[in-house]
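For reference, the structure discussed in these notes is given below.
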């Protein structure tokens, strides 16, 4: 692709994102009798929508470039779903990227380009969404059965407790504790993150044993199982 074509495509994406965020902000103010139980949260979501679509002047590119304006990403699993994820969890992860506690060459400069109130705003925006899921690919019955076992019961033979003991029934997450949902998350993304825990790029005392003790096939099985589980409803 030539430089001219690349520049043109970037401008097109930014223009479209600008139109989308303008529509979103207009919708927030034009719906009659729209309930506003918490004005500060609503304002945060609007600011978050602007950052998601346009980025910031301090180096944070538009989140929508990778995660989509709707938080569903591109369906490949290269980037996680963010829609409906716990705002606390999202904010914690952005701060971990900024500090280097969680290592990612792409996310670290973006997180560093956000002020703390902007981190809160972006997190609140994505947490408020619930986008229609991409269709899940078929999973062989044997693999799904094994994934269900690891997720719901665990495997005492390798000292792995049930994933749902931390991530909640059907992987719906524990927002108050900052534990992310896994239900409906992309299988490829879940598998890669478990590998990240195994290799030390991500650190978690709770994830250390399962990341090291599960076989490669078990990791794929449990990731496939959660991808096909229902995502939690936005509260």
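The values are calculated or read from the model by the stated rules, or taken from the named source; none is laboratory data. Predicted model, so just to flag it, every value in this text is computed and none were measured. Neighbour counts are summed over all protein chains in view; Cβ atoms, including those assigned to glycine, are modelled from backbone coordinates with ideal geometry.
Worth pointing out:
- Output for the range 172-195, where each listed residue is assigned to a helix (DSSP H, G or I) and modelled with pLDDT under 95: 175, 176, 177
- Residue match in the range 59-71 (condition: at pLDDT below 95, assigned to a loop (DSSP other than H, G, I, E, B) and surrounded by fewer than 13 Cβ atoms within 10 Å (Cβ to Cβ)): yes
One line per residue, one yes/no per condition, for (1) outside the structural domain of residue 184 (by TED's automatic domain parsing); (2) free of Cβ contacts under 8 Å to residues at least 40 places away in the same chain; (3) closer than 17 Å to residue 185 by Cβ; (4) in contact with a helix residue (DSSP H, G or I) (Cβ under 7 Å, 6 or more places away or on another chain):
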position: 133; (1), (2), (3), (4): yes, no, yes, no
position: 145; (1), (2), (3), (4): no, yes, no, no
position: 148; (1), (2), (3), (4): no, no, yes, yes
position: 154; (1), (2), (3), (4): no, yes, no, no
position: 159; (1), (2), (3), (4): no, no, no, yes
position: 163; (1), (2), (3), (4): no, no, yes, yes
